[in-house]
1. Hey, can you grab everything whose amide H is under 5 Å from the amide H of L64? Only 5+ residues off in sequence or another chain; H modelled, so Pro and N-termini drop out.
2. Could you tell me the ratio Rg/Rh of segment 24-90? Both radii from Cα atoms, Rh via Kirkwood.
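Bear in mind that the values in this text are calculations on the coordinates, not laboratory data. The model shown is predicted, which means the values in this text are computed figures rather than measured ones.
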Amino acid sequence: MNESFKALADPTRRQIIRLLREKNRTAGEIADYFNVSKPSISHHLNALKHAGLVQDERQGQFILYTLNTTVLDEVVGWLLEMTGTGKQESTQTSGTLQKASESNHATKEDER
C-alpha cells in the first residue's frame, strides 16, 4: 500500500486516475490532457502500474491503460478505516468503484 500512496502523492498521477475512471485510454490519449512530454507521461504510468493502481493490455499496436479498482478499493478502505467511518461507507465506495470498473470493462469489450 505504501507504493500506492507514493504514486498518489503526485498531482499528475491523480489526474491520470481521474481520466481512467472515466474510460480506458492509451498513453497518447492520456498525454493529450497534459502539457508535458510523452516520456514523462510514460514515467507516471509506470509508477501507477508499479503501485498496482493501473493495468495495461496490448491491443494491436497500442497499450490500453485501465484503472485497477481492487487496489484503489484497498486504499479507500484503509483511509475510511483511519478516519473512523463505518464499514457501510466503505462498502458503498467499493460498490461505486466496482460499477466504474464494470463500465470500463463493458466499454473495452465493445471496442473489440
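1. Here E57, R58, Q59 satisfy the definition.
2. That ratio is 1.12, to two decimals.
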